[in-house]
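To start, the structure under review is shown below, and the notes come after it.
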Amino acid sequence: MAEGGRLQGRVAVVTGAAQGIGLGIATRLAEEGAIVVLADIADSKAQAAAADLARRGLSATAARVDIANDASVQMLARKVEADHGKCEILVNNAAVGADTHIETMSMEAYQRVIGINQDGAIRMSVAFVPLIKKAGPGRRILNVVSILGLRGWPNQIAYATAKGAIVNFTRALACDLAPHDIMVNAIAPGFVDTPMSLRRDGKHEYDADWFRDIYVKYGRIPMRRYGKPIDMAGPAYFLCSDDAQYVTGQILSVDGGASATF
Ligand SMILES: NC(=O)c1ccc[n+]([C@@H]2O[C@H](COP(=O)([O-])OP(=O)(O)OC[C@H]3O[C@@H](n4cnc5c(N)ncnc54)[C@H](O)[C@@H]3O)[C@@H](O)[C@H]2O)c1
């Protein structure tokens, strides 16, 4: 419950929080008492999600942002400063999925993914660090990367490159911000049931035969199931909580054990 939660009164900005993993994380932070800003390019969806949380007595508002756009990100930072005066927690979660093969990918398609998935998280961090430095105890930045930032995967040149960059951005940023008591970490989800994992034909990628065979039947995911946004929320909360006060620059895979196998 929000009242008396362990993040009581802390301001948390979560990008890409209109749905999926971002909404799962935002919900958990709000349940722990945080004042959550659901920041998303899908404005009306974010408004609806914030209204749902508010109906449960949680503190949540929505704000539009395009993390690929400097002016939009700076406008969000100014809005959060005007509304709250500070920001303890930034969750860089927003990203897009994209199939990109080295032989068919255009540089425009590559730059689009890098501009959102890689530069977006960096742009948000540049804009929000001054505000986070103004905040009280419990300052945290959490990046949502992917096991595809730690491993290769066919047809994912742009996505995997961007996620790999944010893996090492997390470590470098942790070094810069440790003197300010700002802990910077990442979670690396495995296969998670969200709108991102829907195929163009509307079917779920993880209900396909290839996934069931390799990951379930033969146990490449030791947990033998794909993840849900709720599975991401607890580890994300931990890294945003006071319990992580001496944890920084770390990448926590949340993947049912997938990255532990080969
Ligand atoms: N679903 C998976 O299997 C999976 C696996 C590993 C990592 N991830 C990562 O988890 C995070 C969340 O993914 P998801 O599965 O919930 O995806 P999703 O597509 O369900 O949600 C992504 C959200 O980001 C928003 N967004 C997209 N571009 C934006 C922009 N330019 N500015 C602001 N908001 C923008 C979308 O509107 C959407 O609400 C992403 O970083 C993704 O790469 C997902």
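What the table shows:
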{"read-out": "Condition broken by G227, with the remaining ones in (1) within 16 Å of A95 (Cα to Cα); (2) among the small types (G, A, S); (3) near the ligand (Cβ under 9 Å from one of its atoms) satisfied", "value": "(1)"}
{"read-out": "First in the stretch 187-198 and within 18 Å of S253 (Cα to Cα), second anywhere and near the ligand (Cβ under 6 Å from one of its atoms) and of a type in the set (G, A, S), Cβ under 8 Å, 6 or more apart", "value": "A188/S146; P189/S146; F191/S197; V192/G20; T194/G20"}
{"read-out": "Pairs with Cβ under 8 Å, 6+ apart, first in the stretch 118-136 and aromatic (F, W, Y), second at pLDDT 95 or above and surrounded by 16 or more Cβ atoms within 10 Å (Cβ to Cβ)", "value": "F128/V13; F128/A77; F128/V80; F128/C87; F128/L90; F128/I141"}
{"read-out": "Any chance G202 is of a type outside the set (F, W, Y), on the phi > 0 side of the Ramachandran plot and touching a residue at least 12 places away in the same chain (Cβ under 8 Å)", "value": "no"}
{"read-out": "I21 being within 12 Å of the ligand (Cβ to nearest atom) and assigned to a helix (DSSP H, G or I)", "value": "yes"}
{"read-out": "Filter result for the condition that a residue is under 24 Å from G257 (Cβ atoms), aliphatic (A, V, I, L, M) and at pLDDT below 95, over I214, I166", "value": "I214"}
{"read-out": "Identity of the residue in the stretch 232-262, within 11 Å of the ligand (Cβ to nearest atom) and either in a loop (DSSP other than H, G, I, E, B) or out of contact with any Ser or Thr (no Cβ under 6 Å at 6 or more places or on another chain) (or both), that ends up nearest to A172 (Cα to Cα)", "value": "A236"}
{"read-out": "Residue in the stretch 184-222 that is surrounded by the most Cβ atoms within 10 Å (Cβ to Cβ), counting only those that are in a loop (DSSP other than H, G, I, E, B) and among the small types (G, A, S)", "value": "G190"}
{"read-out": "Any chance G9 is surrounded by fewer than 21 Cβ atoms within 10 Å (Cβ to Cβ) and either more than 7 Å from the ligand (Cβ to nearest atom) or on the phi < 0 side of the Ramachandran plot (or both)", "value": "yes"}
{"read-out": "Residue in the stretch 47-56 that is touching a residue at least 40 places away in the same chain (Cβ under 8 Å), more than 20 Å from C240 (Cα to Cα) and either within 11 Å of the ligand (Cβ to nearest atom) or not in a loop (DSSP other than H, G, I, E, B) (or both) present", "value": "no"}
{"read-out": "Residue among S146, S125 that alone is of a type in the set (S, T, Y), under 16 Å from the mean Cα position of the chain (by Cα) and within 29 Å of F262 (Cα to Cα)", "value": "S146"}
{"read-out": "Helices (runs of 4 or more DSSP H) enclosed by the stretch 87-183 - at least 1 residues per element that are surrounded by 20 or more Cβ atoms within 10 Å (Cβ to Cβ) and touching a Cys at 6+ places or on another chain (Cβ under 9 Å)", "value": "119-133"}
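The values are calculated or read from the model by the stated rules, or taken from the named source; none is laboratory data. Just so you know, these numbers come straight off a predicted model, no measurement behind them. Please note: Cβ atoms are built from the backbone with ideal geometry, for glycine as well, and neighbour counts cover all protein chains shown.
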